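The block underneath contains the structure these notes are about, expressed in structure tokens.
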Amino acid sequence: MLSKAPKLISPELLDQIKESHFMLVDDEPLVTDFIQLYLQEAGYNNIISVGDPRRALKLIDTYPIDIVLLDLNMPGLTGFEVLKILRKEPRFKYLPIIVLSSSSDAHTKLQTLQLGATEFLSKPVDPSELILRVRGALTVHAYQRQLALYDALTFLPNRQNFIEKLSMEIKRNAFGNRDCETAVINIRVDQFRRVHNTLGPQIADELLSTMARTLSDFLQKVTICKGNQAKELWKSLSRTGADEFSLLLTQSDNNTVKVLVTGILKQLSRKYLIEGHEFYACASIGIAIHPHQGTMADQLIKCASSASAQSRSLGGNTFEFYCEAVDSHDKRRLRLDVALRTAIENREFQLKYQPKVDPKSGQPIGCEALLRWYPKNNEVTSPNHFIPMAEETGLIVPIGRWVMRKACNQLAQWHKKGYTNLTMAINVAAAQFNDVNFVDDLVAVQQLNHLDLSKLTVEITESTLIGDIELLIKKLNTLKELGVSISIDDFGTGYSSLSYLKRFPIDELKIDRSFIVDIPADTEDNSIVQAIISLAQNLRLKVVAEGVERSEQLKFLNNIGCDCIQGYYYSKPLSSEEFEQYLQANYDPDHPLLPPTKHSLA
Ligand code: C2E
Ligand code: MG
Ligand code: MG
């Protein structure tokens, strides 16, 4: 069982049921008096009694009525006609209407139910039966409201509900001419998409439910300067998007907001253990203030949301107040996103190839294809910037497919030119790897280019290996059967346990540049790199060190048995023409043990 069994009705709605507004339409005062008494005894106090059905139809337009008790035989307009009129109006379509009538024949009952009555009760009314039916009708009505205005997963108010609450708050401020500020706080779960894509929607949903519980517990406990503020806070907590919550803080100043959001971040940022999966998650918070950032609910929500996007782009687990600069950063991101969508058809992508070198001979063994984007109407951005963006929007799948086609075609050309042992590594993002068409695409590309797939390496990161283990093993084995090698990129930076190295059919580890940068001066890094290499040797895996820039790094790595080097020491990533020149100068299939040479063709 993943989550706690959901409650049928939220506590807030149970409160509302007691506060329901009744309209009693009956021309016999004695009947209305008795019914009013029964209802009051049961705790329902908001009752309007109307003797004239025409007046009732007028009143129902101006009063917020939750339930109608309707007599059938009245002068002027019958209960049947009132029913017909009310049910025609969309907003009264689901309003509970209980018909009370002295005629209890089957035909009358059937007729009222066909006209849309919720219940039928015969007069004289039995008090306990009346209360039972009323409670039933109100509960169903409340449940319908809950479906429309509450999130089914967390049972928090939904976006629509939040907009209504915020709009009411804005009106209240305007009517009361109150000189105070209301903060709209947007809370986004930083790791939601990653957890969703790697561990599946159920675990992602459970993460959200857990966070929702943490938030409402915290908000019920927290005391914010003025009296009943905390309860109000808890009531406004809403789920306003797939991975986000929102909250209202009325009559607040910036300091109070800061204290509150710091508390929220502290509560949410931690390790989560869900269904045996342990992972870290946190949130990014954005704040917009009414009236400074707008006087419309939509506007305020948008500003809070762009401020939280800014917090996330700063690394997450932090908060930002909305400011114009945030907006321009957001707009820039949006522009980039739009541009990225047309980058393939506009031929704005290119591949660069960075040599992978045997440190003993200095000979290139192969290369890694690295994507570059030269947008026509935008500044050039690094893959470290646009690849995560493409991953967030799912664009990485078509982009990754383009990379695979281009790189395989290039490799086939180089094989034809005589560099028959040359290998090519491509980076494959988790979403691309998990895409159902991934293997089929690869087979199609192989057939088109008559490519020897034993010369292709797929670089994935540790995060790709989280999820349905059986499915992953199956996919990896299919790739292996095709001859493809599997490399774990940025090795050492993931959170996962090392046990996966034994379970998955992996060929190579690429030690992340962060461990290479300070060797051999940093003894801790030296030990880590040595440990990774001996682990790889024990498991018969090849080791590549990336980001090697200096001869002393190369010497150290060579001495401890690193199989392959990639880094500026040998070469920066090169265009296909430059890489070919590099090959002409260094590739010698007959003499694989040439001394190391340094090249600067970049
Ligand atoms: P990566 O796969 O770990 O690639 C290595 C990165 O380190 C490349 O950055 C490379 O240019 C850089 N690098 C290599 N040697 C050195 C060195 O000696 N010193 C320094 N300072 N840097 C070095 P690049 O090309 O900017 O790519 C960054 C990341 O973007 C890649 O890291 C990879 O994760 C991602 N990426 C690049 N192309 C693709 C692609 O086609 N698909 C996917 N999914 N990701 C890609
Ligand atoms: Mg890579
Ligand atoms: Mg890497």
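The values are calculated or read from the model by the stated rules, or taken from the named source; none is laboratory data. The model shown is predicted, which means the values in this text are computed figures rather than measured ones. Virtual Cβ from ideal backbone geometry, glycine too; neighbours counted across all protein chains shown. Accessible surface is based on the protein model in full, side chains and every heavy atom, while ligands, DNA and RNA are left aside. Shrake-Rupley method; radii C 1.70, N 1.55, O 1.52, S 1.80 Å.
At-a-glance table
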quantity: Relative packing of peptides 249-258, 352-361 - highest average C-beta neighbours within 10 Å first; calculated: 352-361, 249-258
quantity: Accessible area (Å², per residue) of the range 64-132, counting only protein heavy atoms and a probe of 1.4 Å; calculated: 50 Å²
quantity: Chain lengthening between residue 255 and residue 346 when straightened (0.36 nm per residue, less Cα-Cα); calculated: 27.9 nm
quantity: Loop GluC sites (Glu not before Pro), the range 302-372, which have at most 10 other Cβ atoms in a 10 Å radius of their Cβ (DSSP); calculated: 345
quantity: Convex hull volume per residue for the range 297-418, taking Cα atoms only, in Å³; calculated: 145 Å³
quantity: Principal axis dimensions, largest first and in whole angstrom, of the range 260-343 by Cα; calculated: 41, 40, 20
quantity: Protein accessible area in the chain, 1.4 Å probe - carbon and sulfur %; calculated: 52 percent
quantity: Taking the C-alpha atoms of the range 336-589, convex hull volume expressed per residue in Å³; calculated: 132 Å³
quantity: Ratio Rg/Rh, restricted to the chain and using Cα atoms, in which Rh is the Kirkwood radius; calculated: 1.14
quantity: Protection-proxy order for peptides 132-138, 484-490, each taking the mean of Cβ atoms within 10 Å per residue, highest first; calculated: 484-490, 132-138
quantity: Angle between the chain longest axis and helix 53-62 axis [Cα atoms, degrees, rounded to 10]; calculated: 30 degrees
quantity: The range 159-322: C-alpha pair distances exceeding 20 Å, %; calculated: 48 percent
quantity: Those residues of the range 36-58 whose amide nitrogen sits under 16 Å from the label point placed on residue 81, 7 Å along Cα→Cβ; calculated: 51-58
quantity: Under Karplus coefficients 6.51, -1.76 and 1.60, residue-wise ³J(HN,Hα) of the range 197-212 in Hz, glycine/proline x; calculated: 6, 9, 9, x, x, 5, 5, 4, 5, 5, 4, 5, 4, 4, 5, 4
quantity: Rg [Å, one decimal], Dmax [Å, integer] - the range 31-174, C-alpha atoms; calculated: 17.0, 54
quantity: The range 11-149, relative contact order [Cα under 8 Å, separation at least 6], %; calculated: 23 percent
quantity: Set of lysines near residue 18 by C-alpha distance (under 23 Å), chain-local residues within fewer than 8 positions excluded; calculated: 7, 93, 165, 231, 235
